[in-house]
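Novice: My structure is below; once you've seen it, I'll send some questions.
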Amino acid sequence: MCDNNKSVIIIGGGLVGALCACFLAKRGYNIEIYEVREDLRKCKLQRGRSINLALSHRGRRALRSVGLEEAVLKHAIPMKGRLLHNLPDELSSVLYDEHTNQCIYSVSRNLLNEILLSAAESYENVKLFFSCKLVEANLKEGHCLIQNLKTSESIRSKADLIIGADGAYSKMRSHLQKLPLFQYSQTYIEHGYLELCISSEKGHLMIPNHLHIWPRGEFMMIALPNKDNSWTVTLFMALKKFKMLDSREKLLKFFESTFPDSIDLIGKDDLVEQFFSSKPSHLISIKCSPYHFENRALIIGDAAHAMVPFYGQGMNCGFEDCTLLDQLLSEFDGNFEYVLEKFSERRKEDAFAICDLAMYNFKEMRDLVTKPSFRLRKALDNLLYKLFPNHWIPLYNSVSFSEIKYTDCLKNREWQNRVLAAAVICLFLLGLLMIVF
Ligand SMILES: Cc1cc2nc3c(=O)[nH]c(=O)nc-3n(C[C@H](O)[C@H](O)[C@H](O)COP(=O)(O)OP(=O)(O)OC[C@H]3O[C@@H](n4cnc5c(N)ncnc54)[C@H](O)[C@@H]3O)c2cc1C
């Protein structure tokens, strides 16, 4: 333990804020977490918040560092590959890693958050405040103005460091945005998402241990398993298309022609009830920099780099932020000035890269997976990965099953593309020579 006189305020007790508290608590900092929502451990589960998430290597590594990997994996379901529901009525399994059987894990967002909050709370140097919203922050002085939404009381708190882990619509980031030289861009994609559910009574009809995908070109549906045998289904579709499906008849007609095998699984009446009882949510991608202000403030997780969910990396990347912060605290002996500056420096390119990769993967999941050229490439990648496991790591594997920097995953893929293009040209010339001579 070191630095045990320093105090840290964490805004947001979501996945990344709660994990970050565990990392910092281990180091002995005095921590206050302010979370705008009620304590979800005491709330009844609401549909729409019950999304399950794919946990992969980077996230597992961070959980392992604070001794929580086993506790989380105990409640998780391994997914060894994609199970494609192609039209008409054809299923095909595409494994993530044919050679070493690595898999990603489906885990309930709420359960994971509960585990992380309880772990943070178990440190005596961590205090949790729920229904408490950050209203204002004075980054220069390290002051926060918090409002207790239950009592309407205003709380003033001060710390050596304020960490904003308050998600994509971060209040902390809005303070950084007012500072000179802060770079910021946001992109809403035209697609939104809506959650549906396959109940545990029908769940056994789904092939287990896969992430199911219904790829349909311009849109797609996916399903991730839950521990109780039910499946959380997420429909990703252009928001204007959602609007067009404004009656039971139109919805059922659309599902019958687009996702026919899903109707019995979800159930006709349940589908209609679930579809019309909630509104589709937007999807945003945010790039910004730097992530810090002097030695006083830092943003992490979605607050720093919200991304579209198609690589299943938003949380994993946020968890990796915590790993990096922890490494830097060791490297610079807890000197916040160096730690925060280096955090921004080292994280920016990687965060930008995974935001781009997440956009790319939407196209791969909804469209490319059905193309013969994609399957050929996948087969080639698998073969080369088997022959040269240390030198030819396919893109998905490097992102999901390694600690390779996201920027290097991208560069690696570009290099592989060049090698394959050169190989194709050589083969073509060889063929030509054989014909001529
Ligand atoms: C449909 C969908 C599927 C996804 N699937 C995956 C997946 O499979 N794998 C994966 O790795 N990622 C996935 N993600 C991304 C993942 O959900 C996010 O990256 C992750 O939740 C980010 O965690 P966070 O703690 O940074 O932000 P959040 O989870 O948004 O938490 C922020 C917290 O801050 C609180 N807060 C906000 N404002 C204030 C304030 N002013 N004062 C106090 N508290 C505040 C919020 O209440 C919240 O609890 C998915 C996202 C979506 C939308």
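Novice: Just to check your reading of the model, which residue among 294, 218, 256 is free of Cβ contacts under 8 Å to residues at least 40 places away in the same chain and not polar (S, T, N, Q)?
Specialist: Step by step, each of 294, 218, 256 is checked, and only 256 is free of Cβ contacts under 8 Å to residues at least 40 places away in the same chain and not polar (S, T, N, Q).
Novice: When the residues of segment 288-324 are narrowed to those that are of a type in the set (S, T, N, Q) and in a helix (DSSP H, G or I), which ends up nearest to the ligand (Cβ to nearest atom)?
Specialist: The selected residue is 316.
Novice: A further question follows. Can you pull out every residue in segment 140-194 that is at pLDDT below 95 and of a type in the set (Asp, Glu)?
Specialist: Answer for segment 140-194, where residues must be at pLDDT below 95 and of a type in the set (Asp, Glu): just 141.
Novice: Out of the residues in segment 301-334 meeting the condition of being polar (S, T, N, Q) and touching a residue at least 12 places away in the same chain (Cβ under 8 Å), tell me which one is farthest from residue 16 (Cα to Cα).
Specialist: Restricting to residues being polar (S, T, N, Q) and touching a residue at least 12 places away in the same chain (Cβ under 8 Å), the top hit is 313.
Novice: Would you confirm whether any residue within segment 107-118 is farther than 29 Å from residue 288 by Cβ and in contact with a strand residue (DSSP E or B) (Cβ under 8 Å, 6 or more places away or on another chain)?
Specialist: yes
Novice: Quick one: in segment 395-437, which of the residues that are among the hydrophobic types (A, V, I, L, M, F, W, C) and closer than 21 Å to residue 365 by Cα is surrounded by the most Cβ atoms within 10 Å (Cβ to Cβ)?
Specialist: That would be 399.
Novice: Between 192, 203, 142, 164, which is open to solvent by less than 70 Å² (accessible area, probe 1.4 Å) and at positive phi?
Specialist: Numbers: 192 fails: at positive phi; 203 fails: at positive phi; 164 fails: at positive phi.
Within the list 192, 203, 142, 164, the selection yields 142.
Novice: Scan segment 83-108 for residues that are open to solvent by 20 Å² or more (accessible area, probe 1.4 Å) and touching a Leu at 6+ places or on another chain (Cβ under 7 Å) and report the count.
Specialist: 5
Novice: Would you check if residue 278 is over 18 Å from residue 85 (Cβ atoms) and modelled with pLDDT under 95? Talk me through it step by step, then tell me what you get.
Specialist: On the way: over 18 Å from residue 85 (Cβ atoms): yes; modelled with pLDDT under 95: yes.
When the stated conditions are applied, residue 278 passes them.
Novice: So, one more: Kindly indicate which of 393, 354 is outside any helix (DSSP H, G or I) and among the hydrophobic types (A, V, I, L, M, F, W, C). Walk me through it before giving the result.
Specialist: Numbers: 354 fails: outside any helix (DSSP H, G or I).
Among 393, 354, only 393 is outside any helix (DSSP H, G or I) and among the hydrophobic types (A, V, I, L, M, F, W, C).
Novice: I need the full set of residues from segment 268-287 which are of a type in the set (S, T, N, Q), within 14 Å of the ligand (Cβ to nearest atom) and in contact with a strand residue (DSSP E or B) (Cβ under 6 Å, 6 or more places away or on another chain), in order please.
Specialist: 281, 285
Novice: Out of 333, 326, I need the residue that is within 21 Å of the chain's Cα centre (by Cα), surrounded by fewer than 22 Cβ atoms within 10 Å (Cβ to Cβ) and either in the same structural domain as residue 24 (by TED's automatic domain parsing) or under 17 Å from residue 414 (Cβ atoms) (or both). Which one?
Specialist: Going through 333, 326 in turn, the sole match is 326.
Novice: Next up: Conditions: (1) assigned by TED's automatic domain parsing to the domain that holds residue 19; (2) assigned to a helix (DSSP H, G or I). Residue 376 meets all but one. Number of the miss?
Specialist: The failed condition is (1).
Novice: When only residues in segment 242-283 that are within 19 Å of residue 212 (Cα to Cα) and among the small types (Gly, Ala, Ser) count, which is surrounded by the fewest Cβ atoms within 10 Å (Cβ to Cβ)?
Specialist: Once the filter is applied, the top-ranked residue is 257.
Novice: Then there's this: Which ranges mark the helices (runs of 4 or more DSSP H) fully within segment 191-261 that have 2 or more residues being under 20 Å from residue 53 (Cβ atoms) and not acidic (Asp, Glu)?
Specialist: Correct list: 200-203.
Novice: I'm told residue 282 meets every condition in (1) out of contact with any Ser or Thr (no Cβ under 9 Å at 6 or more places or on another chain); (2) free of Cβ contacts under 8 Å to residues at least 60 places away in the same chain except one. Can you identify the failing condition by its number?
Specialist: Every condition holds for residue 282 apart from (2).
Novice: Still on this structure: Which of the residues belonging to segment 146-190 are more than 11 Å from the ligand (Cβ to nearest atom) and part of a loop (DSSP other than H, G, I, E, B)?
Specialist: Those that are more than 11 Å from the ligand (Cβ to nearest atom) and part of a loop (DSSP other than H, G, I, E, B): 150, 151, 152, 153, 159, 160, 178, 179, 180, 181, 182.
Novice: Next question. Kindly state which helices (runs of 4 or more DSSP H) lie completely within segment 33-138 and contain at least 2 residues that are touching a residue at least 24 places away in the same chain (Cβ under 8 Å) and near the ligand (Cβ under 10 Å from one of its atoms).
Specialist: It comes to 57-65, 109-121.
Novice: Is at least one residue of segment 279-289 of a type in the set (Gly, Ala, Ser) and in contact with a His (Cβ under 6 Å, 6 or more places away or on another chain)?
Specialist: There is no residue in segment 279-289 that is of a type in the set (Gly, Ala, Ser) and in contact with a His (Cβ under 6 Å, 6 or more places away or on another chain).
Novice: Here's a check for you: in segment 353-394, which residue that is among the aliphatic types (A, V, I, L, M) and in contact with a Leu (Cβ under 8 Å, 6 or more places away or on another chain) is surrounded by the fewest Cβ atoms within 10 Å (Cβ to Cβ)? Explain how you work it out, then say what you get.
Specialist: Of the residues in segment 353-394, the ones among the aliphatic types (A, V, I, L, M) are 353-354, 357-359, 365, 368-369, 376, 379-380, 383-384, 387, 393.
After this cut, where a residue has to be in contact with a Leu (Cβ under 8 Å, 6 or more places away or on another chain) as well, the list is 353, 357, 369, 380.
Numbers: 353: 20, 357: 22, 369: 19, 380: 15.
Result: 380.
The values are calculated or read from the model by the stated rules, or taken from the named source; none is laboratory data. Only a predicted model underlies this, so the values are computations on that prediction, with no experimental measurement involved. Cβ atoms come from the backbone with ideal geometry, glycine included; neighbour counts cover every protein chain shown. We work out accessible area using only protein heavy atoms, side chains counted, and drop any ligands, DNA or RNA first. Shrake-Rupley method; radii C 1.70, N 1.55, O 1.52, S 1.80 Å.
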